[in-house]
Amino acid sequence: MANAAISVSAGSNGMTRREFLYYIWGASIALLTAQSAGLLVWFLIPKFREGEFGGKFLVPVTSVPAVNGEPINVPDGRFWLVNLDTDQPSPLVEKASDEQPLKGVAAIYKVCTHLGCIYSWTPANNRFECPCHGSKYRLDGRRIEDPAPRDLDRFQVEALDANRNFIAGAISAEIEIGGTPFFAPLVLPEGTAFLSVNTGSRKQGPKQTLLPNVPK
Ligand code: FES
């Protein structure tokens, strides 16, 4: 008799126990789907905005250093901007016997490849020097003195026109040095108005032989 009473009571609300469980199950699935969609959107939204480290930095071409001139410091982007041409004699960057000519603009990560100290440009010696353990690097980031295990890292650089449309860079500026993919300096095409430096796209410096440490 008690069972009959319960059954009559559920039926009078218009929903059986089985239907109620179906609704709960359906609601759980809907909630899970909504959570998954939210997570997907969160992953697709860029984490870094332009001008923040990890994102892209827009540099007017007028801010690019002179060919073989001293590097320009971009502190917010944590990189040095250099403009190289080893075909032109310069005390700042001389072509080594084992390398092709270096020509173009590169953005060099400001962190030493040894233990991560911040190195700086030393004008008196025409090279980058790390204050922590004495590693030294040429203008383009190649090692002159260890304990740094490899050359300095570089960020991806692209050339943009006055309307900020892509002209050159990306894949076309990639090379391999000793089997390591790396960003080559980018020769700026005519019509370049801006550089876009992507600090979210970094390649580790290759391990090339040490350059002779000629006292400057
Ligand atoms: S961290 Fe630069 S030499 Fe050690």
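Counting charges near residue 181 (Lys, Arg +1; Asp, Glu -1) among other residues having Cβ under 10 Å from its Cβ returns a value of -1. Given H placed 1.01 Å from N in the peptide plane, which residues other than close sequence neighbours of residue 174 have an amide H under 5 Å from its amide H? Sorted by chain and number, the residues that satisfy this are 184. Backbone geometry of region 186-199 corresponds, through the Karplus equation with coefficients 6.51, -1.76 and 1.60 at θ = phi - 60°, to 3J(HN,Hα) couplings of 9, 6, 7, x, 4, x, 5, 10, 9, 10, 10, 9, 9, 7 Hz, x marking Gly and Pro.
Given a cut-off of 25 Å, name the pairs among 56/95; 136/203; 56/207 whose C-alpha atoms lie farther apart than that in the structure shown.
Cα-Cα > 25 Å for 56/95; 56/207; rest within.
When the solvent-accessible area of the chain is split by element, carbon and sulfur atoms take up 58 percent of it, the probe being 1.4 Å. Roughly what angle does helix 17-44 make with the longest principal axis of the chain, taking Cα atoms, 0 to 90 degrees, to the nearest 10? Long axis of 17-44 versus the principal axis of the chain: about 10 degrees. Along the axis of the charge dipole computed for the chain (Cβ charges of +1 for Lys and Arg, -1 for Asp and Glu, origin at the Cα centre), the listed residues 109, 38, 53 are led at the positive end by 38. The angle between the Cα long axis of helix 2-12 and the main principal axis of the chain comes to about 60°, on a 0 to 90 degree scale.
Counting heavy atoms of the protein chains only and a 1.4 Å probe, report the per residue accessible area for the chain as a whole number of Å². Before the final figure, lay out the partial values.
Numbers: 12670 Å² over 216 residues.
That works out to 59 Å² for each residue.
Restricting the GluC sites (Glu not before Pro) of region 109-216 to loop positions (DSSP other than H, G, I, E, B) with no more than 11 neighbouring Cβ atoms within 10 Å leaves 190. Couplings 3J(HN,Hα) for region 49-65, derived from phi with the Karplus relation 6.51 cos²θ - 1.76 cosθ + 1.60 (θ = phi - 60°), are 8, 4, x, 10, 4, x, x, 9, 10, 9, 10, x, 4, 5, 8, 6, x Hz, where x marks Gly and Pro. Taking the Cα atoms of the chain, the ratio Rg/Rh between the radius of gyration and the Kirkwood radius comes to 1.39.
The values are calculated or read from the model by the stated rules, or taken from the named source; none is laboratory data. Remember, predicted model here, so these are calculated numbers, not experimental data. Don't worry about glycine lacking a Cβ; one is built from the backbone with ideal geometry, like all the others, and counts go over all protein chains shown. For the accessible areas, the whole protein counts, side chains as well, though only heavy atoms, and no ligand, DNA or RNA atoms are used. Shrake-Rupley method; radii C 1.70, N 1.55, O 1.52, S 1.80 Å.
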